[in-house]
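The values are calculated or read from the model by the stated rules, or taken from the named source; none is laboratory data. Computed from a prediction, not measured in an experiment: that's the story for all the values here. Note: ideal-geometry Cβ built from the backbone for every residue, glycine included; neighbour counts use all protein chains shown.
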């Protein structure tokens, strides 16, 4: 794919992703879904300065092709997915670059079922952008589409989240880091409605401060806040709120792996974990798998990317899956990672088990992990090099049951990623450097 990656069309605004691109995406989608009826499309956006610009460009393209557009305004990615699938829209569009810096933006397209758009439709949009498809007809007279405010859809999503809580959060002191992003319109109102004493930080977006020293990518900010205010728990979201990383009462980080363990074990105990299986990616920590073995939890491993996690879940009818980064999918309630939903599910376990988050994570001993990126001339050549593979196998043998090595190609850059998990940081460093030294000796590195 030329423009669309695993998570939409993303890049620096007006540099990689332009208003012309957005207009053409709108033109194609309006025409594509409007061939047999008037297309209906719903759009949400995050708090980036450029999100308004792209919203108007998409709307212009869609309505020019005859589609009617409903605007959710600033909202989360999972809310767009929810509204799309429950309100009979042909597709949904989220304008966001997730955890990227404010000057990047992206267009994520969601199909009528609330899933990420099929690759074949994205390929057709790319062909249209590049002029490989003849110019599409413009709507005329009363066929031109119209745009309406649809903040009611966002409010219905808030109501849906509140309805999922099994009990009151009364008496719980909860910290929320909204990353100056999408969650600022939603997270506090949900926790307040459920009775929590809610303390919120990074909840004043100005268009340029999204993800800046805040949110799930700068978790140390919430760590300090939880300790300082002596809170029971903290939750940090990313820019479009499809990720959640938690902080326990001691200020320790509870990442996606630990969330999968806590929620997976609880769902298994309550008979709600299909086939007693969670879906992880190959980047999940060895400590998670060892703890799962002890708890009788089965697991699947997919390629990196919540897209692959969800595909596996759908194919096998699994209930829970996710990534270390905090993208967690509860398939009974959502078709995508949802940070606020994840925090509500964690609250359920804390309240039902009458245990603190710190206590719930105790059975998992996370292994030190080190990942280094090496820029190479050619990824495939480096990956298939005999000396490199011999070095990787030697490390795997040396680690045995007490660690693992993973060497993989980056999906987006000329980079090989070398990751080692072992019982100590020193061993991680030693073995990662050992393999990188061989890659360098073989003349595969861009110096």
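Residues of the range 211-222 that are in contact with a strand residue (DSSP E or B) (Cβ under 8 Å, 6 or more places away or on another chain), more than 18 Å from residue 350 (Cβ to Cβ) and not in a loop (DSSP other than H, G, I, E, B): 215, 216, 221. Among the numbered conditions (1) surrounded by 13 or more Cβ atoms within 10 Å (Cβ to Cβ); (2) in contact (Cβ under 8 Å) with a residue 40 or more places away in the chain, the only one that residue 355 does not meet is (2). Residue selection: residue 375 fails the criterion of being in contact with a strand residue (DSSP E or B) (Cβ under 7 Å, 6 or more places away or on another chain), assigned to a helix (DSSP H, G or I), farther than 20 Å from residue 286 by Cβ and not assigned by TED's automatic domain parsing to the domain that holds residue 264. What do you reckon, is residue 108 outside the structural domain of residue 243 (by TED's automatic domain parsing) and crowded, with 23+ Cβ neighbours inside 10 Å? Spelling it out, residue 108 is indeed outside the structural domain of residue 243 (by TED's automatic domain parsing) and crowded, with 23+ Cβ neighbours inside 10 Å. Looking across 394, 334, one residue alone is outside any loop (DSSP other than H, G, I, E, B), farther than 24 Å from residue 295 by Cα and either within 20 Å of the chain's Cα centre (by Cα) or not assigned by TED's automatic domain parsing to the domain that holds residue 234 (or both). It is 394.
Answer yes or no as to whether residue 213 is within 25 Å of the chain's Cα centre (by Cα), at pLDDT 95 or above and over 26 Å from residue 5 (Cα atoms).
No, not satisfied.
Per this entry, residue 262 is counted among residues that are within 22 Å of the chain's Cα centre (by Cα) and outside any strand (DSSP E or B).
Taking the residues in the range 111-127 that are outside any helix (DSSP H, G or I) and in contact with a strand residue (DSSP E or B) (Cβ under 8 Å, 6 or more places away or on another chain) as candidates, determine which candidate is surrounded by the most Cβ atoms within 10 Å (Cβ to Cβ). Steps first, answer last, please.
Keep residues of the range 111-127 that are outside any helix (DSSP H, G or I), which gives 111-118.
Within this subset, residues satisfying the condition of being in contact with a strand residue (DSSP E or B) (Cβ under 8 Å, 6 or more places away or on another chain) are 111-112, 114, 116-118.
On the way: 111: 18, 112: 15, 114: 20, 116: 22, 117: 19, 118: 11.
Going through the qualifying residues, I end up with 116.
Among residues belonging to the range 128-155 that are surrounded by 14 or more Cβ atoms within 10 Å (Cβ to Cβ) and touching a strand residue (DSSP E or B) at 6+ places or on another chain (Cβ under 7 Å), point out the one that is farthest from residue 179 (Cα to Cα). Filtering the range 128-155 for residues that are surrounded by 14 or more Cβ atoms within 10 Å (Cβ to Cβ) and touching a strand residue (DSSP E or B) at 6+ places or on another chain (Cβ under 7 Å), the one farthest from residue 179 (Cα to Cα) comes out as 145. With respect to residue 25, determine if the residue is assigned to a strand (DSSP E or B) and assigned by TED's automatic domain parsing to the domain that holds residue 94. Criteria not met by residue 25.
Quick grid of which residues meet (1) in contact (Cβ under 8 Å) with a residue 40 or more places away in the chain; (2) surrounded by fewer than 24 Cβ atoms within 10 Å (Cβ to Cβ); (3) part of a helix (DSSP H, G or I):
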site: 190; (1), (2), (3): yes, no, yes
site: 198; (1), (2), (3): no, yes, no
site: 209; (1), (2), (3): yes, yes, no
site: 225; (1), (2), (3): yes, yes, yes
site: 240; (1), (2), (3): yes, no, no
